[in-house]
There are 2 protein chains.
Amino acid sequence: MAGTRWLDDGEARMWRAFYEMRRHLDKAIERQLADAGLSTADYDLLVPLSEAPGDGLRARDLANHVGWDRSRLSHQLRRMEQRGLLTRRECPSDARGTLITLTPAGRRAVETAAPGHVETVRRHFVDLLSPEEIDTLTAISTRIRDNATDT
Amino acid sequence: MAGTRWLDDGEARMWRAFYEMRRHLDKAIERQLADAGLSTADYDLLVPLSEAPGDGLRARDLANHVGWDRSRLSHQLRRMEQRGLLTRRECPSDARGTLITLTPAGRRAVETAAPGHVETVRRHFVDLLSPEEIDTLTAISTRIRDNATDT
DNA sequence: GCTAGTTTGTTGATACGTCAGCAACACGTC
DNA sequence: GACGTGTTGCTGACGTATCAACAAACTAGC
């Protein structure tokens, strides 16, 4: 406890800017998706479902894909099912499983929201970066993400 | 709508890695603070309050500092007051205002949590970056954050 | 085929964030 | 000093996230 290595000025400035940047970016994306009648949680689920082949995805696989726990996913799926965006039915190969499939309305919702979403990501993020910065940020992000396996 | 500029492979890889990185980083920080009995929302408020001189801060200034709206702040303050981390009293200079002050327990809570928090930020983020990367990330973050003034 | 342990998905309780609306106050103008 | 306008903070309602507990179905080992 005695020897805490506090952040120096440059590190602290970076951490603070990074923290605030995330907040602004989230806000911008949430606002845009809200205009399309979706939350980020909705969109996070709709995208992998829209890209899945044929029968949709098992809840388990969807959970792994977006990194949620089963409980959160279950609640969110129930609400989205009630809104008519997707359907749940029994999984034929494993009776414990649930197969999630987009309804036509669900597919329409993603496809309607997607262009505006990409545009927002561009205007508030990607288009503000040089090619070198994109490379650096890819390297940084994957390194930090993959580091989380320990502790 | 017809001419949506979708993300190319490199951009998409970066955006996805960045998105996932944030989730992992948040988890790590939340877990550590939870061990100290605090949420990130608690900590976000406790830090500026602990650095404020004398009488504490007005709710308005605290809201500006962390970038929250008044409602969220009010709810959070009520909960933290009930837990004995801070007190609210009338602002002498402006009868509309509320003055927020840390209790000794509140101050103890930050000071206990801070070393572990910094250590977590280091292990999962700062210490994984080279000096050049820190500079790049500072530049990127401030640029993106300040861009949010429009739209 | 039986048992023990694991995986999968659901539920209810609780805490949190957001929104719309409200009441009290400040401050300028007339 | 009354009026209009903007500010400040609080509240109730609603949607969402997290946690613990549960039931059903699978799997491995015997």
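The values are calculated or read from the model by the stated rules, or taken from the named source; none is laboratory data. Every value quoted in this text rests on a predicted model; they were computed, and no experiment measured them. In this analysis, Cβ positions are derived from the backbone assuming ideal geometry, glycine residues included, and neighbour counts consider all displayed protein chains. Please note that ligands, DNA and RNA were not included when accessible areas were found on the heavy atoms of the full protein model with its side chains. Shrake-Rupley method; radii C 1.70, N 1.55, O 1.52, S 1.80 Å.
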| note | Taking Lys and Arg as +1 and Asp and Glu as -1, residues besides B:THR112 with C-beta under 14 Å from its C-beta add up to -2
| request: Report, for A:ASP9, each distance to the same residue's label point in the other copies, shortest first and in nm; define the point 7 Å along Cα→Cβ. | output: 4.4
| field | Reduction of at least 50 Å² in accessible surface, 1.4 Å probe, comparing all protein chains with the chain by itself, residues of the range B:98-123 | value | B:PRO115, B:VAL118, B:ARG122
| request: With a 1.4 Å probe and every protein chain kept in, tell me what percent of the accessible surface of the protein assembly as shown is carbon plus sulfur. | output: 49
| field | Spatial separation of Cα centroids for the range A:1-77 and the range B:59-137, in angstrom | value | 22
| Between chains B and A, what is the buried accessible area summed over both chains (1.4 Å probe, protein heavy atoms, nearest 100 Å²)? | 5700
| message | Given points 7 Å out from each Cα along the Cα-Cβ axis, report the B:LYS27 to A:ARG23 separation in nanometres with one decimal. | response | 2.5
| query | So what J values fall out for the range A:19-35 if you push phi through Karplus, 6.51 cos²θ - 1.76 cosθ + 1.60 with θ = phi - 60°, rounded to Hz, Gly and Pro as x? | reply | 4, 6, 4, 4, 4, 5, 4, 4, 4, 4, 5, 4, 4, 5, 5, 4, 4
| note | For chain A, one quarter of the surface area of the C-alpha convex hull, expressed in nm², comes to 12.6
| field | Per residue accessible area in Å² of the protein assembly as shown, where ligands, DNA and RNA are left out and the probe is 1.4 Å | value | 55
| request: For the range B:72-151, just the Cα atoms, rotate onto the principal axes and tell me the three extents in Å, largest first. | output: 47, 38, 21
| said: I need the calculated FRET efficiency for the pair B:ARG72 and B:ARG5, taking r as the beta carbon distance and R₀ as 35 Å, to the nearest 0.05. | reply: 0.50
| request: For the range B:41-56, take each phi angle, set θ = phi - 60°, evaluate the Karplus expression 6.51 cos²θ - 1.76 cosθ + 1.60, and give the result in whole Hz per residue in order, putting x for glycine and proline. | output: 4, 3, 5, 4, 7, 5, 5, x, 5, 6, 8, 6, x, x, 7, x
| remark: Here the range B:90-102 yields Karplus 3J(HN,Hα) values (6.51, -1.76, 1.60; θ = phi - 60°; whole Hz; Gly and Pro given as x) of 5, 7, x, 7, 8, 5, 7, x, 10, 9, 9, 10, 5
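Only helical DSSP H runs with n ≥ 4 go in: add -39500 (n - 2.57) per run for chain A, normalise by residue count and round the 222 nm mean residue ellipticity to 500 deg cm²/dmol.
-21500 deg cm²/dmol
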| remark: Measure of exposure for A:GLU90: accessible area at 1.4 Å probe, Å² rounded to 10, is 150
| request: Restricting things to alpha carbons, tell me how big the protein assembly as shown is in terms of Rg and Dmax, in Å. | output: 21.7, 70
| said: Tell me the angle of helix A:104-124 to the major Cα principal axis of chain A, expressed in degrees between 0 and 90 and rounded to the nearest ten. | reply: 10
| field | Sequence-distant residues sharing a close amide H with A:GLY97 (under 5 Å, placed H) | value | A:CYS91
